[in-house]
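Each remark here refers to the structure printed beneath this line.
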Amino acid sequence: MQYATITGWGKCVPPATLTNDDLATFIETSDEWIKSRTGISQRHISHVNTSELASVAAQRALAAAGIDGSEIDMIILASASPDTLIPNIASTVQANIGASCAAFDINAACSGFLYGLGLASSQIKSGQSKKVLVIGAERLSFYLDWSRRETAVLFGDGAGAVVVEATDVAGGVLGYELNNDPEGRDILKAGFGTAMDRFSAESLDFFIEFDGQEIFKRAINGMNKLSTKVLEKCGVDKDEVDLVIPHQANERIIDTLVSRMKIPKEKAFVNIANYGNTSAATIPIAICDALEQGVIKPNQTILSCAFGAGLTSAALLLQWGNRVTPINISDAELPPCDKTGIELVKRAVDYFCKP
């Protein structure tokens, strides 16, 4: 029997940051207001396209696994903010890493990485693939109306990637559950797509909008339900979970989720303060940070869960392997950035925040 195990990991966050104090220079807010409600202190703003973030994260993940891009059998790239809709940007990553394989994008919003990881594990367990690259990458700053405080304070840019390999050692992805609640599809959205009137200038005023209270309630219910379901499916008690790596949307949501599941708060890994909500990239970035900080230990049982626009939700149970350090270190880097975060968003701020 083949098991699907994470053998490589890598993240890429752009160097420019936008702090809460920076936001307070053009919208009515403060560091205390944002931090107390979300747990966020700063977010990264990209000077490059989503595919470049994804490519660097992918190269770092490949190095950590000690393999070459030519060995990859499939690339699954989760993103709600690709450079282009046609062609997919998985093909851009494929070209950048020298792979010859299947490559496609998926859009399950913030649940996208877990959707991709679940699909990758099924490919491996079926014998169809041996090595799959799963990426979550976003440039959500593209979608923001910077005059809308409720969304401007939340989102950031970044990418994370993992290599999933077939092994004979029991463990890896133990099980996963995916779901979508279409009744909630209009409470979190951005009006970008073929429904736009391409001949109207007003159609260019697309932006992320959502009902915060409704999202809070449905997010907790969705993640709790699927997390409980995947634990039952795998025959694992919640007390056997060593670490929870949830989607980093809001620290209050994470606290409420683990409290409702009766899992100790200290078992939940939280890094939202440094990145904000990077949608499909939050979980792979968190995996990388947890490894860097020594939080993930060999053979730990890890529960990961997410929710996103759609309203999608996902939960995945994973037994980590023996290795928690990279085999190699990639020298892949983004091109230099000569602007601050506030300089990068200035054009959009001037547009949306004009008197």
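The values are calculated or read from the model by the stated rules, or taken from the named source; none is laboratory data. Bear in mind that the values here come from a model prediction, so they are computed numbers and not experimental data. Reconstructed Cβ throughout: ideal geometry from the backbone, glycine too, with neighbour counts over all protein chains shown. Just so you know, the surface numbers come from the protein's heavy atoms only, side chains and all, with ligands and any DNA or RNA stripped out. Shrake-Rupley method; radii C 1.70, N 1.55, O 1.52, S 1.80 Å.
Numbers at a glance
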quantity	calculated
Test result for Leu178, surrounded by fewer than 20 Cβ atoms within 10 Å (Cβ to Cβ), of a type in the set (A, V, I, L, M, F, W, C) and either in a strand (DSSP E or B) or in contact with a Pro (Cβ under 9 Å, 6 or more places away or on another chain) (or both)	yes
Test result for Ser126, without any contact (Cβ under 8 Å) to a residue 24 or more places away in the chain and either touching a helix residue (DSSP H, G or I) at 6+ places or on another chain (Cβ under 6 Å) or among the polar types (S, T, N, Q) (or both)	yes
Options Thr278, Thr325: the member that is under 27 Å from Gly184 (Cα atoms) and modelled with pLDDT of 95 or more	Thr278
Within region 303-345, considering residues that are under 30 Å from Met261 (Cα atoms) and outside any strand (DSSP E or B), the one nearest to the chain's Cα centre (by Cα)	Ala309
Residue check, Ala166 assigned to a helix (DSSP H, G or I) and either basic (Lys, Arg) or touching a residue at least 40 places away in the same chain (Cβ under 8 Å) (or both)	no
Among residues of region 63-114, those that are of a type in the set (Val, Ile, Thr), crowded, with 24+ Cβ neighbours inside 10 Å and either modelled with pLDDT under 95 or closer than 18 Å to Ser279 by Cα (or both), counted	2
Check on Ile285, within 26 Å of Tyr143 (Cβ to Cβ), touching a strand residue (DSSP E or B) at 6+ places or on another chain (Cβ under 6 Å) and β-branched (Val, Ile, Thr)	yes
Tally of residues being under 15 Å from the mean Cα position of the chain (by Cα) and polar (S, T, N, Q) across region 56-88	2
Members of region 80-133 found to be more than 16 Å from Ala54 (Cβ to Cβ) and touching an Asp or Glu at 6+ places or on another chain (Cβ under 6 Å), listed by number	Ser129, Lys130, Lys131
Top-ranked residue of region 185-212 - restricted to ones that are in contact with an Asp or Glu (Cβ under 7 Å, 6 or more places away or on another chain) and either part of a helix (DSSP H, G or I) or basic (Lys, Arg) (or both), ranked as least open to solvent (accessible area, probe 1.4 Å)	Ser203
Some residue of region 30-53 being farther than 25 Å from Ile272 by Cβ, at pLDDT 95 or above and of a type in the set (A, V, I, L, M, F, W, C)	no
Residue satisfying condition, being of a type in the set (Val, Ile, Thr), assigned to a helix (DSSP H, G or I) and either open to solvent by 60 Å² or more (accessible area, probe 1.4 Å) or touching a Leu at 6+ places or on another chain (Cβ under 7 Å) (or both), within set Ile124, Ile215	Ile215
Index of the failed condition, Ala348 passing every other in (1) assigned to a helix (DSSP H, G or I); (2) buried (at least 22 other Cβ atoms within 10 Å of the Cβ); (3) not β-branched (Val, Ile, Thr)	(2)
Yes/no for Ile245 being outside any helix (DSSP H, G or I), open to solvent by less than 10 Å² (accessible area, probe 1.4 Å) and closer than 23 Å to Gln42 by Cβ	yes
Members of region 1-28 that are touching a strand residue (DSSP E or B) at 6+ places or on another chain (Cβ under 7 Å) and among the β-branched types (Val, Ile, Thr)	Thr5, Ile6, Thr7, Val13, Thr17, Thr19
Inter-residue pairs, beta-carbon under 6 Å, first over 19 Å from Glu240 (Cβ atoms) and in region 250-268, second of a type outside the set (Lys, Arg) and in a helix (DSSP H, G or I), 6+ apart	Asn250/Thr38; Glu251/Ile272; Ile253/Ala219; Thr256/Ile220
